[in-house]
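> So that we are looking at the same thing, I have put the structure below in structure tokens.
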């Protein structure tokens, strides 16, 4: 996207161009990365922020017309802007499309070129809205694996370009991250691809009896890194081990092996949504200061990536970023699809090492198999996994439990559709139900429907 952005900006001096992505931290980082990239590529044309080139997160704030892509569109077409209390993002984008069509100004385009990054995070309505307000071309980039449980072929078939190589992270780390996300070392698997789909994602597929060997081409991003470099590790808490203390132990090990390490080279990402993580984060911040003398950037508070500080984040504020070293923490390797999507995405944030820290969950029989699989991958540079049965592959769609935001959103809207519920009420119910189910290991649709009914009765005065 940066290469294409540079090309368009250099050759179209009068065009208005916008780059947009899902979260505020990535947008903030891109406002720094774009000038650095332009300098590297020797772009002589000065960047005209706010007139010719915009870099937004997706939503925005009421008080600032230039704080988000959707907010800017509402400002340009003089249509009402909807904040969080007015409904979910999908419904607001659909409403904006209708209002622009009704405004009599739909022929006027807000922008000439638009670049959307992390497209897998957006509803189709946002992409449609961006296309509607763009006069020349819309560029959309995304990683189909960041929602591991969506159909791969459908997305690949719609793509103009398919990138089969990941230049950020070591192939062994990427393979193990995929294996964790898809449950390839577990029984039953959580996701399995057809041979052509494996190929579309950059894998070499070799069936040997009832096993499958999955490999990726080697990638030498850094010439001084040996081929047997251990880019991935799994740590289990034992006995009285404390989560923050274990993380400190890993940081100290990384520091001992990398004398030039700086605070900003490491990200610690908590994968769970439960409230305990905020106690852990504060504890970790304190211990890091006491034991290492480092300052920490708590990203969900600052909404920015700060140089020279240890990056500590919940799952919502690390997407799109990259670090030399990433440490992911979770209590359990649960089988929720949104957890596995997050696990894959965050483990693949590193370009040197990724570390996963889990409680020693003795109730999970897959842990020994996962450890064996990782050891085999490290020693052989490919995965040797069990070929699922045909019935197992057929049944895998049943794993996609209705606890992801889009599914909860659909259930809430369906429940409220005949009750004349306000957008504020619908948004409130969605938020409440998502918070509740994020703390459970497993849920089903009946459980969620019961929660929706309870929350509707509690909040229907809204």
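> Using 0.36 nm per residue of separation minus the Cα-Cα distance, give me the extension gain between residue 375 and residue 167 in nm, one decimal.
Details: separation 208, 0.36 × 208 = 74.88 nm, distance 2.30 nm.
Contour length minus Cα-Cα distance gives 72.6 nm.
> Determine the shape class of the stretch 171-387: with a ≥ b ≥ c the square roots of the Cα gyration tensor eigenvalues, call it rounded for a/c under 1.5, and otherwise prolate if a/b is greater than b/c, oblate otherwise. Walk me through the numbers on the way to the answer.
Values: a/c = 1.87, a/b = 1.51, b/c = 1.24.
Prolate, because a/c is 1.5 or more and a/b exceeds b/c.
> Under a point spin-label approximation (7 Å from Cα along Cα-to-Cβ), what is the residue 290-residue 206 distance to one decimal in nm?
About 5.1 nm, to one decimal.
> Follow-up question, since we're still on this one. How far apart, in nm, are the 7 Å Cα→Cβ label points at residue 393 and residue 420?
Distance between the two pseudo-spin positions: 5.2 nm.
> Can you give the relative contact order of the chain as a percent, counting alpha carbon pairs under 8 Å and 6+ residues apart?
Details: 716 pairs, mean separation 74.0, N = 462.
RCO, the chain: 16 percent.
> If contacts are Cα pairs under 8 angstrom and at least 6 residues apart, what is the relative contact order of the stretch 184-319 in percent? Let's see the in-between values first.
On the way: 118 pairs, mean separation 24.4, N = 136.
Once divided by the residue count of the stretch 184-319, the mean separation gives 18 percent.
> A follow-up question, please. In nanometres, what is the gap between the two model label sites at residue 302 and residue 256, each 7 Å from Cα along Cα-to-Cβ?
Distance between label points: 2.8 nm.
> Which whole-number percent is the relative contact order of the stretch 2-142 (Cα, under 8 Å, 6+ apart)?
On the way: 202 pairs, mean separation 35.1, N = 141.
It rounds to 25 percent for the stretch 2-142.
> Ranked by Cβ crowding within 10 angstrom, fewest neighbours first, how are 191, 63, 386 ordered? Please list the in-between numbers first.
Values: 191 22, 63 7, 386 17.
In order of increasing Cβ crowding within 10 Å: 63, 386, 191.
> Once the Cβ-Cβ distance between residue 195 and residue 128 is put in as r, and R0 is 35 Å, what FRET efficiency do you end up with, to the nearest 0.05? Before the final figure, lay out each step's value.
Working: r = 33 Å, r/R0 = 0.95.
According to the calculation, E is roughly 0.60.
Laboratory data are not the source of any read-out in this text; all were calculated from the coordinates shown. These numbers were taken from a predicted model, which means no experiment stands behind them. Reconstructed Cβ throughout: ideal geometry from the backbone, glycine too, with neighbour counts over all protein chains shown.
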